[in-house]
1. Look through 62, 81 and report the one residue that is under 19 Å from residue 94 (Cβ atoms), at pLDDT below 90 and touching a helix residue (DSSP H, G or I) at 6+ places or on another chain (Cβ under 8 Å).
2. List the pairs whose first member sits in the stretch 27-43 and is on the phi > 0 side of the Ramachandran plot and modelled with pLDDT of 95 or more, whose second member is surrounded by 14 or more Cβ atoms within 10 Å (Cβ to Cβ) and outside any loop (DSSP other than H, G, I, E, B), and whose Cβ atoms are under 9 Å apart, counting only residues at least 6 apart or on separate chains?
3. Tell me, please, whether a residue that is in contact with a strand residue (DSSP E or B) (Cβ under 8 Å, 6 or more places away or on another chain) and touching a residue at least 12 places away in the same chain (Cβ under 8 Å) can be found in the stretch 85-95.
4. Among the residues of the stretch 88-100, write down those that are surrounded by fewer than 16 Cβ atoms within 10 Å (Cβ to Cβ) and either within 20 Å of residue 50 (Cα to Cα) or at pLDDT below 95 (or both).
5. Tell me yes or no: at least one residue of the stretch 133-142 is over 23 Å from residue 9 (Cβ atoms), under 16 Å from the mean Cα position of the chain (by Cα) and buried (at least 19 other Cβ atoms within 10 Å of the Cβ).
6. Is at least one residue of the stretch 49-57 closer than 16 Å to residue 123 by Cβ and in contact with a helix residue (DSSP H, G or I) (Cβ under 7 Å, 6 or more places away or on another chain)?
7. Looking at the stretch 31-55, which of the residues that are surrounded by fewer than 13 Cβ atoms within 10 Å (Cβ to Cβ) and within 21 Å of the chain's Cα centre (by Cα) is farthest from residue 89 (Cα to Cα)?
């Protein structure tokens, strides 16, 4: 794949993004389970439980959206995104890495929300919401 190829311009590129979003969901699951198992039976506050439950629900939603991208990849291509596929793949790799290394799982909520926004935006096939979602994910990576 050429690094200067426009992102999401082919079904294969949409499928590649779905792969990356699934990888982010995998990292999110591992991170949540690490937090839960790291307690060694110790007390968990109601707020921490709510965050963990919310993030587990977001993980499922992220997987569902990735599955939808796989199923309908040909209809979600965008010819004029103005981003390279390499940049988009790197963004999701960075997001997965941030989820894996984040100190406090609650700090991942905004980042996961951005990934969900990205998956939903791709399903519109419209460049503007995709660009906004990319910007949100980039910002959340820096903040998390």
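1. Details: 62 fails: at pLDDT below 90.
The match here is 81.
2. Matching pairs, first to second residue: none at all.
3. Within the stretch 85-95, the first condition is being in contact with a strand residue (DSSP E or B) (Cβ under 8 Å, 6 or more places away or on another chain), and the residues that meet it are 85.
From the residues that got through so far, the ones that are touching a residue at least 12 places away in the same chain (Cβ under 8 Å) too are 85.
Yes, the conditions are met somewhere in the stretch 85-95.
4. If the condition is that a residue be surrounded by fewer than 16 Cβ atoms within 10 Å (Cβ to Cβ) and either within 20 Å of residue 50 (Cα to Cα) or at pLDDT below 95 (or both), then 100 is the only one that fits.
5. Filtering the stretch 133-142 for residues over 23 Å from residue 9 (Cβ atoms) gives 139-142.
Pick out the ones that are also under 16 Å from the mean Cα position of the chain (by Cα) and you get 139-142.
Checking the rest, the ones that are also buried (at least 19 other Cβ atoms within 10 Å of the Cβ) come to 140.
The answer is yes, given that some residue of the stretch 133-142 is over 23 Å from residue 9 (Cβ atoms), under 16 Å from the mean Cα position of the chain (by Cα) and buried (at least 19 other Cβ atoms within 10 Å of the Cβ).
6. For the stretch 49-57, residues closer than 16 Å to residue 123 by Cβ and in contact with a helix residue (DSSP H, G or I) (Cβ under 7 Å, 6 or more places away or on another chain): absent.
7. The residue in question is 50.
The values are calculated or read from the model by the stated rules, or taken from the named source; none is laboratory data. Just so it is clear, the structure is predicted and the values come from calculations on it, not from any experiment. For neighbour counting, all protein chains shown are included, and Cβ atoms are generated from backbone atoms with ideal geometry for every residue, glycine included.
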